[in-house]
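First up is the structure itself, then whatever we jot down about it.
The values are calculated or read from the model by the stated rules, or taken from the named source; none is laboratory data. What you see is a predicted model, and the numbers here were worked out from it, not measured in a lab. Neighbour counts are summed over all protein chains in view; Cβ atoms, including those assigned to glycine, are modelled from backbone coordinates with ideal geometry. Ligands, DNA and RNA are excluded from the accessible area calculation, which covers all protein heavy atoms including side chains. Shrake-Rupley method; radii C 1.70, N 1.55, O 1.52, S 1.80 Å.
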Amino acid sequence: MLSKSESPRTDNTRPYPPQGLLISLALAFSLTACAARNVGPINELDADRDQSPPTLQANFGDDETLLVGMAFSGGGTRAAAFAYGVLAELDALEIQQATRRQTVASNIRIVSGTSGGAVLAAYFGLRGPYQFQDFRERFLVQDVEKSLHTSLGSPPNLVRAVRGGMNDLDRFAKWLDENLFDGATYADLYRDHGILVWLNATDIHYGEPFLFNQETFAALCSDLYRVRLADAVAASAAFPVAFVPLEVMAYGSACEHQVPDWQNRALSNPDAPVRLSAHARTLAAYRSYDEPTRVRLLDGGITDNIGITGLALTRASAETPYGPLSARQAVRVDNLFFIATDAGKSSKPGWTARDKVPNLVQIGPALANATVAASVRKGFDALQLALGDWRQDIIRFRCGLAEEQVRELRGSLDNWDCANVNMTVQLLSFRDLDTDQQLRLDTIPTRLALPTEQVDLLIEAGRESVRRNQAIQQALESVHQTRAASSIHNHSGTSR
């Protein structure tokens, strides 16, 4: 290293890397190489685990004629804020005030999320439709990055990145557990609200979505209910380099396991859906290890950035035509909403109009955005197909029932139309907004800390995307008409 009295090089030969940088890197490596890293496992062996999945439950005063599902995309705080704006607007759309105030948001029974969207999905599932409104203050406007290693310009961080990732469970997961989820586990998630919550990460060995549900953890010989929400969310948001892969343990043959019928069918049927058979093979692999084996997880957006894996697999593996609904819910429902949010950037990179060939630094972000956008399009198309098939299955089930069965499940034959199941599937994104708004939103980075004014801009964008969506507004009008007709019949005493 040069002292203050020494002169710098003045010849024209190519200089070696500065000694100061080499010494800093060497020191950083020596300090971090031996440091223990908390990567898990985030689960435990549990031979007596509860394998029963949670069931959908209606809120008090809900007549179950409307069921709403949500899917929140990845994209850091940008994605979480946009999705929260969508939720806030759905919470402002009232559909009933008798007994207890009912909004579109209070009828959400299914919610899934990936990466940044997983934070909101887990919080909504934990707090329920009447207590999620403090998410802005508790997460969106907080500087989460204060607790993280973020700069690759720091030699210790560079070494951490080379060793697998800059942050472990003692960073993001710890912040979430202490500041947002208050130590909650999956048992707390399903204790009160009966909302199905699907969070997904990526199993980087098999290249498959890793779904946090009972079937996955039963195959691992573990109990999902004992997993901390903060750890599941951190796994879903573990973007490569920024985060080290997190671990769950597959305990192999350490417990008895009854393979579900759908899995046996998928493994034996060469014509089974590709997504389902791949998932079945992965679960079977978790059971095949003779010794406990680590399964390493990274960001769910690598394999499913829109978070539709849970619904697609649940429908493909359902043992009934109406699952995950109950028979009662399948007969009572008139309107199904499923709304996905996408906070991906939509603008073209600035170098497209230049003659000069873009370099790697310029191509990298554009390539990442294009990959994510393609994943979202394919995921949403798959979601529409799965939901369309689900609707037809529900209708066939309803129309095959005898009147006595309908009366028992529904309580009445008034206004009964077995084919009256309306399905509304919409993708809300920045592209729903004015060009000027899109340009402003596209400048907001994918981070875990944003200025308050950007957070509020994203929230308002989410709200406006709902207000502008004609399909949602028309479906809401149908809900109002259905409930008005039901109210008239209930008050006239014509129920049979």
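Rg of the Cα atoms in region 116-163, relative to 2.2 N^0.38 Å, amounts to 1.62.
For region 392-493, the percent of C-alpha pairs falling in each 5 Å distance bin, counted from 0 to the bin holding the largest distance, reads 2, 10, 15, 13, 13, 10, 9, 8, 8, 7, 5, 1.
Here region 185-295 has 50 percent of its accessible surface on carbon and sulfur atoms, given a 1.4 Å probe and all protein chains in place. Per residue, the convex hull spanned by the Cα atoms of region 122-265 amounts to 130 cubic angstrom. With the convex hull drawn over the C-alpha atoms of region 73-201, the volume per residue is 111 Å³.
Each Lys and Arg contributes +1 and each Asp and Glu -1, all at the Cβ; summed about the Cα centre of region 159-216, the dipole is approximately 280 debye.
The string of couplings for region 468-481 from the Karplus curve (6.51, -1.76, 1.60, θ = phi - 60°) is 7, 7, 5, 5, 5, 5, 5, 5, 5, 4, 5, 4, 4, 5 Hz, one whole number per residue in order, with x for Gly and Pro. Note on exposure: SER268, SER478 ranked by accessible area (1.4 Å probe, complete protein assembly) read SER268, SER478, with the most exposed listed first.
Once the other residues with Cβ under 12 Å from the Cβ of LEU211 are scored (Lys, Arg +1; Asp, Glu -1), what is the net sum? Charge balance in the 12 Å sphere: -3. Counted by Cβ distance under 11 Å from ARG127, the other residues give a net charge of -3, where Lys and Arg count +1 and Asp and Glu count -1. Over all orientations, region 250-293 has a Cα convex hull whose mean projected area works out to 3.1 square nanometres. Kirkwood's formula applied to the C-alpha pairs of region 413-463 gives a hydrodynamic radius of 14.0 angstrom. When you count the other C-beta atoms within 10 angstrom of each residue and take the mean per peptide, 452-464, 82-94, 243-255, 280-292 line up highest first as 82-94, 243-255, 452-464, 280-292.
When the residues HIS279, HIS480, HIS149, HIS205 are ordered by accessible surface, computed with a 1.4 Å probe over the protein chains alone, the sequence from largest down reads HIS205, HIS480, HIS149, HIS279. Normalised by 2.2 N^0.38 Å, with N the number of residues, the alpha-carbon radius of gyration of region 234-347 equals 1.32. Per residue, the convex hull spanned by the Cα atoms of region 213-257 amounts to 74 cubic angstrom.
Remark on region 199-292: ratio of C-alpha radius of gyration to 2.2 N^0.38 Å is 1.11. When peptides 406-414, 301-309 are sorted by average Cβ neighbour count within 10 Å, with the highest value leading, the order is 301-309, 406-414.
Applying the criteria of a DSSP loop state and at most 14 other Cβ atoms within 10 Å to the trypsin sites (Lys or Arg not before Pro) of region 90-178 yields ARG100, ARG101, ARG163.
Let a ≥ b ≥ c be the square roots of the eigenvalues of the Cα gyration tensor of region 164-220; is it rounded (a/c under 1.5), or, if not, prolate (a/b larger than b/c) or oblate? The shape class here is oblate.
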